[in-house]
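Here the structure is laid out as structure tokens; the discussion comes afterwards.
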Amino acid sequence: MADELMADDFVTRMKRPGPLRSELSNGLRVLMDPIAEVPRVAVCVTYGVGFRSEHPGQEGLAHLFEHLMFRGSVSLPPGRFYDHILPLGGEANGTTHQDYTDYYQTVPSAALEPALFAEADRMRAPLLTEAVLAEQLAGVEEEITGRILDRPLGDFPWPLLPQALFGRHGNAHDGFGDITRLRGVTRAECAAFFDRNYAPGNAVLTLVGGFDPDEALALVERHFGEVPARPVPPRPELAESVGGEDRWLRCTEPGIPATAVALGHRLPGPDEDLDHYLATMVMARIVTDHGVRTAPGQVLRTSSGCGFFGPLDALSPDALVTTSVLPDDVSPERFVEAVAEALPAGAGTDGLEGAVARTRLRLATEHIRAHGDLTTRCRFLGRLERLFGRAELVDEIPVRLEALLPSQVAAAAEAVRKASRGVLVIEPGPVRSRPAGRPAQVSAPARITGTSPGPRPVPLPGAQRRPVLRSVLRETLDTGLLVSVIEDHRTPLAEIRLRVPLGPVGLLEPTAVDASVRSLWPPDAGPHSRTEPHGLVVRRSPDGPWIEATGYASADALPPLLRSLASLTTAITATVLIPGTAGTDPTRDGGTPDGAMDRLLCTTLTQGLVTPEPVPLAAGVGSLAVVGPVRPAEVLDTLRVHNAARSPLAGHRDDTKWEAATVIRREEHGGPEPALPAARALLCAPEPVAGPDEAARYLATAVLGRHLRTHLTEALARLGRVVSAWPHDIRVGRDVFLGRPRAWVRAHAPGTEPDLLLTALRTATARLADGPNASDVSRAAEFCAAQMLAVFDSPSALADALARFGASGWCASTIVDFPNRLRSVSSDQVSDAVTHLYWPALHSRAHHYDPGE
């Protein structure tokens, strides 16, 4: 009967075409996945070079070269690569893996051509100077020291476990490399490594997002077409011998509280048998969810998964990696036995059918949600094409996961039992011990050949695409709940977000609020069904002022989930708390430093407002956002029916009245001289109802956030109290506090007395009256406008933005139009907004707290 379980079809309801393919004459493969509605583009170049491409004596070169590729090219000298990225709120990064290295950017659509130019220029002629090499060698050394040498367990289990699991140099060697060896790397070695591995034919260029395919391909031809073709290196020989004894690698580490163990099983990669690999993924998640039973009544928490850096990330041989931290009464040997016992034994195992059905659905859902994001999808497409020649798998994987049978999962478990194993054990000990490793080898001398091509003019940005929303509805229900619904077909799942504001109890009585939330929505409410994915997590926000609900649902699961959510919002507005019963001391630290300061401020401002008398859990009814493949009118109809009944407290608004105030406290700095003081300050004021509009206020916060840090640093320097080793943390922002929008300044200054910090902050504001200059405002406006386009990168990000901005009265059209509104704000309007918002906060009456008193 287990094998008769059919694949659920929720992922097949969205027929998304595969990426468009082209290949240039130099061998560069091009994938294009246009999404006309979005205003940004992700660009990724995936090269077929990684740790396993390094010859003996080259250990660490692939990672070093990833760093070098960001330090300039012949047309973009050091520092210029980010010119089209950072001012426009974009992002760029690169990663080195076993079989590939990828470089990716996500930028506004206007910057597509500069992004392609930058990638083509460093494919054509990276800047390999002695100065750049020395700088990046120092950076790599710092990274190795910070991630591996100075951390007790390093990047456990990487990079030690491969030495126990594999025999070939390519599979087993340390991809970071040895610092001593790396210090001797020459520019000629780097140039030779580039010539061998960075040929256009060894790369895939992927574009995902808002662009016209014909126009984009013409740009690709213009900038990449003249990169000379070079021979493509063969894939390294990675096959391992079959069978053999288990390999154990034992190390010691001082200062760790318990033994850490990692068990590796050799695993055929997706390139050999994709369905077997996916079945192993399901099996590994089941082991993670259920834990490993090491004795009667003792279940050990364990993490198990495919790949050292995640699934579908490497060619054969891959690895199944299982890790845990052992209690004193469990030996590593017993753990290895227990893992084998935990693997499903056969299709008839009790509960296996249900576990497989739930797990395959969870994995499919996680995959769909993650790859609805521009950057994640772009990188995965490039990786799948470069490693396996099948970029289309990005949308096939969820379907194949759901089609898996329990018998396939049981067969995967049986194959793991028979696979070669390696075990890494790191135990507490008086000194650090690590394997000696293999003898260092010196690679053959390399020569720099050819001549470097000359620089080319950098193209200017083009026209910016405007985000396009399909059907959009916004309505305030009878209960006061503001609902925003957007039809979005990028994934077959609808994203759901709810934000309900709390009053002072959210800050002063977090334990009582948490207990009430758990009673209204228990942790096991809304679990996955076996056929329709849905899930909703309800919690008090980490900073205290909100109850948040975050979830998703397929089309069939959405109506019942919305009905449950409607009941929840009614229950929240009807629930009352009796403050003081949870034993919370609001003056004690806990959670984040920002939350602790807000609690102190709330205690100061309310002064007995929160009494033992019952008070509403909610201070308002909040906002709900739904984004996905839905009919907005049907969503609203469902919510109208189930939000029709008004509770006595529905629509209640927090009427707390408060004025501008400053909370400043003295702390002890835990640095090399613990006796030195530290000061933390929160200065805030309610926003005035009248005055500059929202665009000017938004931009004022961005401009002041950039300049106040400079002003404060100068003010402290003039006072002679700057401790350069401890940077000062100065931030400005706006949010909703005790029912009212506020503007705030937060400061933390180690090595500074509280009164001195306050004096410096107020001294720094003397320049506020002068206002920012026009060029500062223009740059800030362009950055903020471009940065806001990121909310359209995925349905999840759009739902987050709708719920967050909706709580402040924004609607979807406001989010679409806001970038252009920002660009029209003048410097005088920004200056006026700075004065209206922040002058009252920075000059409010101070309340001092000293934990030592």
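Being farther than 15 Å from R379 by Cβ, open to solvent by less than 20 Å² (accessible area, probe 1.4 Å) and either of a type in the set (S, T, Y) or touching a strand residue (DSSP E or B) at 6+ places or on another chain (Cβ under 8 Å) (or both): is that true of P39 here?
Yes, satisfied.
Mind checking which residues of the range 465-478 are in contact with a Ser or Thr (Cβ under 7 Å, 6 or more places away or on another chain) and either under 12 Å from G806 (Cα atoms) or of a type in the set (S, T, N, Q) (or both)?
If the condition is that a residue be in contact with a Ser or Thr (Cβ under 7 Å, 6 or more places away or on another chain) and either under 12 Å from G806 (Cα atoms) or of a type in the set (S, T, N, Q) (or both), then R474 is the only one that fits.
Looking at the range 387-432, which of its residues are exposed (fewer than 14 other Cβ atoms within 10 Å of the Cβ) and aliphatic (A, V, I, L, M)?
V431
May I ask you to verify whether A764 is at pLDDT below 75, open to solvent by 30 Å² or more (accessible area, probe 1.4 Å), part of a helix (DSSP H, G or I) and among the small types (G, A, S)?
No; evaluated as a whole, the condition is false for this residue.
From the set of residues in the range 685-744 that are among the β-branched types (V, I, T) and open to solvent by less than 20 Å² (accessible area, probe 1.4 Å), which is modelled with the highest pLDDT?
V703
So A645 fits all but one of (1) crowded, with 20+ Cβ neighbours inside 10 Å; (2) at pLDDT below 80; what number is the exception?
Evaluating A645 over (1) crowded, with 20+ Cβ neighbours inside 10 Å; (2) at pLDDT below 80 leaves (1) as the failure.
From the list P435, P453, pick out the single residue that is closer than 30 Å to S75 by Cα, at pLDDT below 95 and open to solvent by 40 Å² or more (accessible area, probe 1.4 Å).
None of the others qualify; the one that does is P453.
State which residue is farthest from the chain's Cα centre (by Cα) when the search covers only the range 54-70 and only residues that are within 16 Å of D178 (Cβ to Cβ) and assigned to a helix (DSSP H, G or I).
L61
How many residues does the range 118-141 contain that are open to solvent by 10 Å² or more (accessible area, probe 1.4 Å) and within 19 Å of G225 (Cβ to Cβ)?
2
Looking at L217, L274, L249, L278, can you tell me which residue is touching a residue at least 40 places away in the same chain (Cβ under 8 Å) and within 19 Å of F156 (Cβ to Cβ)?
L249
With a cut-off of at least 1 residues that are open to solvent by 20 Å² or more (accessible area, probe 1.4 Å) and modelled with pLDDT under 95, name the strands (runs of 3 or more DSSP E) lying wholly within the range 250-344.
292-295, 298-300
Taking the range 747-757 as the search range and keeping residues that are out of contact with any strand residue (DSSP E or B) (no Cβ under 6 Å at 6 or more places or on another chain) and open to solvent by 10 Å² or more (accessible area, probe 1.4 Å), which one is modelled with the highest pLDDT?
That would be D755.
For D102, indicate whether it is within 30 Å of P17 (Cβ to Cβ) and modelled with pLDDT of 95 or more.
In short, yes.
Residues in the range 181-197: is at least one closer than 30 Å to L249 by Cα, in contact (Cβ under 8 Å) with a residue 40 or more places away in the chain and either open to solvent by less than 30 Å² (accessible area, probe 1.4 Å) or among the acidic types (D, E) (or both)?
Yes, the range 181-197 contains a residue that is closer than 30 Å to L249 by Cα, in contact (Cβ under 8 Å) with a residue 40 or more places away in the chain and either open to solvent by less than 30 Å² (accessible area, probe 1.4 Å) or among the acidic types (D, E) (or both).
Restricting attention to the range 236-244, does a residue exist that is out of contact with any Lys or Arg (no Cβ under 8 Å at 6 or more places or on another chain) and crowded, with 17+ Cβ neighbours inside 10 Å?
No, there is no match, as no residue in the range 236-244 is out of contact with any Lys or Arg (no Cβ under 8 Å at 6 or more places or on another chain) and crowded, with 17+ Cβ neighbours inside 10 Å.
Report, by residue number, each residue of the range 364-378 that is of a type in the set (D, E, K, R), surrounded by fewer than 24 Cβ atoms within 10 Å (Cβ to Cβ) and in contact (Cβ under 8 Å) with a residue 24 or more places away in the chain.
If the condition is that a residue be of a type in the set (D, E, K, R), surrounded by fewer than 24 Cβ atoms within 10 Å (Cβ to Cβ) and in contact (Cβ under 8 Å) with a residue 24 or more places away in the chain, then R369, D373 are the ones that fit.
Which one is modelled with the lowest pLDDT among residues in the range 521-578 that are within 21 Å of G622 (Cα to Cα), touching a helix residue (DSSP H, G or I) at 6+ places or on another chain (Cβ under 6 Å) and open to solvent by 50 Å² or more (accessible area, probe 1.4 Å)?
Per the criteria, the residue is D543.
The values are calculated or read from the model by the stated rules, or taken from the named source; none is laboratory data. Keep in mind that this is a model prediction, so the values were computed, not measured. Don't worry about glycine lacking a Cβ; one is built from the backbone with ideal geometry, like all the others, and counts go over all protein chains shown. Ligands, DNA and RNA are excluded from the accessible area calculation, which covers all protein heavy atoms including side chains. Shrake-Rupley method; radii C 1.70, N 1.55, O 1.52, S 1.80 Å.
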